[in-house]
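Q: Before anything else, here's the structure in question.
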């Protein structure tokens, strides 16, 4: 994590903060509307989804940096598209594992946590607006 850019670190921090909020609010909502026995699966789902979201963010930055270093534009585009496929397949495999562990890990919590990556990027964009415009 040390060799990540400040932007990636800030987005990962946002993902983590959103996940903490999801755990707190989700635990309260699950205990109010559902059985309290589902709380553990919900928390595991948020943790698992957060790990996947952070891994996708790190992989995305490394893919962008590697494709920028390529001198040929078509090779850079092919490399970046291939890395996109890798991220998608890895996410699908992680979700497949989660479906297999369904009673232990809550699928809905994973889906919500996976949305933390785009939300974290959007929060970063909002917090770092160019004030000179």
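None of the figures in this text is laboratory data; all of them are computed from the coordinates on show. Nothing here was measured: the structure is a model prediction, and the numbers come from that model. No Cβ is skipped: glycine too gets one built from the backbone with ideal geometry, and neighbour counts run over all protein chains shown.
Q: Working out 0.36 nm times the residue gap between residue 119 and residue 21, then minus their Cα-Cα distance, what length gain in nm do you get to one decimal?
A: On the way: separation 98, 0.36 × 98 = 35.28 nm, distance 1.30 nm.
Taking 0.36 nm per residue and subtracting the Cα distance, the gain is 34.0 nm.
Q: If each DSSP helix of 4+ residues adds -39,500 (n - 2.57) and the sum is divided by the residues in the chain, what number results at 222 nm, nearest 500 deg cm²/dmol? Provide the component values of the computation, followed by the final result.
A: On the way: 5 runs with 107 residues, N = 133.
Only helices count here, giving -28000 deg cm²/dmol.
Q: In degrees, nearest 10, range 0 to 90: what is the angle between the Cα axis of helix 6-33 and the longest Cα principal axis of the chain?
A: Tilt relative to the chain: about 20 degrees.
Q: Between region 4-35 and region 99-125, what is the separation of their alpha carbon centroids in Å?
A: 9
Q: Related question: Where in region 100-120 is the amide nitrogen less than 19 Å from a point lying 7 Å along the Cα-to-Cβ axis of residue 59?
A: Backbone N within reach: 100-101, 110-120.
Q: Report the label-to-label distance for residue 101 and residue 73 in nanometres (one decimal), using points 7 Å from each Cα along the Cα→Cβ vector.
A: Modelled inter-label distance: 4.4 nm.
Q: So what's the angle, to the nearest 10 degrees on a 0 to 90 scale, between helix 73-100 and the longest Cα principal axis of the chain?
A: So the helix axis and the longest Cα principal axis differ by about 10 degrees.
Q: Evaluate the relative contact order of region 18-119 (contact order divided by residue number), counting alpha-carbon pairs under 8 angstrom at least 6 apart; express in whole percent. Present the calculation step by step, with values, prior to reporting the outcome.
A: Working: 87 pairs, mean separation 45.6, N = 102.
Relative contact order of region 18-119: 45 percent.
Q: If I build a Gaussian network model for the chain, linking alpha-carbon pairs within less than 10 angstrom, which residue out of 50, 36, 27 has the largest mean-square fluctuation?
A: Comparing 50, 36, 27 in the GNM, the peak value goes to 36.
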